[in-house]
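*Asks:* My structure is below; once you've seen it, I'll send some questions.
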Amino acid sequence: MNIPELNLFVEPATRAAFPFTALVGQPQLQRALQLAAIDPGIGGVLISGPRGTAKSTAARALAALLPGAPFVTLPLAASLEQLVGTLNVEDVLRDGQVRLAPGLVARAHGGVLFVDEVNLLPDALVDALLDVAASGVNTVERDGISQQHAARFVLIGTMNPEEGELRPQLLDRFGLSVVLANPVDAAQRTAILRARLGFDENPAALGGQHAEEQRMLSAALVAARAALPRLTWPDAVLHHAAACAITAGVDGMRADLVMLRAARALAALEGRSQVTADDVDAVAELALAHRRPDGSGAQPQASTGTQQQPQQHSERLQDQPPAASTPQGDWGALPAQPEGTSKVQRIAGWPPKKA
């Protein structure tokens, strides 16, 4: 089985990218992307916001920071085979070899896999994508034969909430999330316009202005990746992450794990040898915002008040006089009433019923 050529989905390395350090007014987005770049096992970053908030620009800018990193785009019309690849088992009959036709996750290995409008993808495709992003390993199966290969990449998904939401089960599997809004400060908008217009007119000039910052940040990301295995989580940090997750009211343990991995990445980026509770606090909202159930975890006092409402409602019912009768069946139906019967009279044209 052959799959369509996918080279069109891998952007050429010669295409100029907007400098990551030139992004204006997006500190949380920049932090989330850096942490995911240091530890792709975090599970990627979901960027939610309206049109024109530099979601795709930031994703391309991150790829440009990583040495030799490909930038691969997953189109909405992609199939599962195009994403994960397929096995050509017919070759076994000819020469005894099983050949793997690589998919987009293989091409993104060591780089960035970008999914624009991820909320419009089929659920099965998103599920498979998140599986690979979290594990760093892709398994291709066909006709009882399977092969595995490394697929370690930074997953970046974007979505416009006006076009629909992700199911909670899929939303929870994104490691970090950032919600963007249109800037309302005139000075900030002016700075964004100046940077964007300058890049459109002369990309090389803007790149030169930020070359040293870009070089230093790129080196810091590479060093932080190498330092990850040497960092440890003290018991106090584990307890603090667990307490944050409980307060937020999230389901499962994924939020705790993401917070700890993101906190470790932050400590590595800042050149420290141990993760602290402050690191957990610095990344907690990135890991909890999209997992918090309807905001109830952020407002524990409101949740307590809600729990008292059934008791108050019960007390009000006890003060009311009991109803005369409770009808069965459909709500609002009247109870059955006894009715007398009468003998059917002879109808014209019909003979009387014989005894």
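*Asks:* So which residues in the range 218-244 are within 18 Å of Val154 (Cα to Cα) and within 24 Å of the chain's Cα centre (by Cα), if there are any at all?
*Replies:* Leu221, Ala224, Arg225, Leu228
*Asks:* Among the candidates Leu113, Leu120, Leu176, Leu129, single out the residue that is within 25 Å of the chain's Cα centre (by Cα), of a type in the set (A, V, I, L, M, F, W, C), at pLDDT below 95 and surrounded by 15 or more Cβ atoms within 10 Å (Cβ to Cβ).
*Replies:* On the way: Leu113 fails: at pLDDT below 95; Leu120 fails: surrounded by 15 or more Cβ atoms within 10 Å (Cβ to Cβ); Leu176 fails: at pLDDT below 95.
From the options Leu113, Leu120, Leu176, Leu129, the qualifying one is Leu129.
*Asks:* So, one more: Do any strands (runs of 3 or more DSSP E) entirely within the range 65-141 hold 1 or more residues that are within 25 Å of Arg225 (Cα to Cα) and not β-branched (Val, Ile, Thr), and if so, which?
*Replies:* Details: elements: 71-73, 85-88, 99-102, 112-115.
Those strands (runs of 3 or more DSSP E) span 71-73, 112-115.
*Asks:* Within the range 226-267, track down each residue that is touching a Pro at 6+ places or on another chain (Cβ under 8 Å), surrounded by fewer than 18 Cβ atoms within 10 Å (Cβ to Cβ) and without any contact (Cβ under 8 Å) to a residue 60 or more places away in the chain. So that I can check it myself, show each step before the final result.
*Replies:* Taking the range 226-267 first, the residues touching a Pro at 6+ places or on another chain (Cβ under 8 Å) are 247, 249-251.
Cutting the leftovers down to surrounded by fewer than 18 Cβ atoms within 10 Å (Cβ to Cβ) gives us 247, 251.
Result: Thr247, single match.
*Asks:* Restricting the first residue to the range 71-82 and requiring it to be farther than 15 Å from Leu120 by Cα, which pairs with a second residue that is exposed (fewer than 13 other Cβ atoms within 10 Å of the Cβ) and of a type outside the set (Gly, Ala, Ser) meet a Cβ separation below 8 Å and a spacing of at least six or different chains?
*Replies:* Short answer, once both residue conditions are applied: Glu81/Met1; Gln82/Pro4.
*Asks:* Just need a number here: residues in the range 188-240 that are more than 18 Å from Leu66 (Cβ to Cβ), part of a helix (DSSP H, G or I) and not basic (Lys, Arg). I'd like the intermediate steps shown before the answer.
*Replies:* Going residue by residue through the range 188-240, those that are more than 18 Å from Leu66 (Cβ to Cβ) are 188-206, 208-209, 229-240.
Retained after the next criterion (residues that are part of a helix (DSSP H, G or I)): 188-201, 203-206, 208-209, 229-230, 235-240.
Still in the list and also not basic (Lys, Arg): 188, 190-193, 195, 197-201, 203-206, 208-209, 229, 235-240.
The number of residues fulfilling the criteria is 24.
*Asks:* Checking Gly144 against (1) buried (at least 18 other Cβ atoms within 10 Å of the Cβ); (2) without any contact (Cβ under 8 Å) to a residue 24 or more places away in the chain; (3) not hydroxyl-bearing (Ser, Thr, Tyr): exactly one of these is not met. Which one?
*Replies:* Going through the list (1) buried (at least 18 other Cβ atoms within 10 Å of the Cβ); (2) without any contact (Cβ under 8 Å) to a residue 24 or more places away in the chain; (3) not hydroxyl-bearing (Ser, Thr, Tyr), Gly144 breaks only (1).
*Asks:* Of all residues in the range 42-60, which are closer than 27 Å to Leu260 by Cβ and either β-branched (Val, Ile, Thr) or over 19 Å from the mean Cα position of the chain (by Cα) (or both)?
*Replies:* Ile42, Val45, Ile47
The values are calculated or read from the model by the stated rules, or taken from the named source; none is laboratory data. No experiment lies behind these values; they were computed from the predicted model shown. Here Cβ is always computed from backbone atoms with ideal geometry, including for glycine, and neighbour counts include all displayed protein chains.
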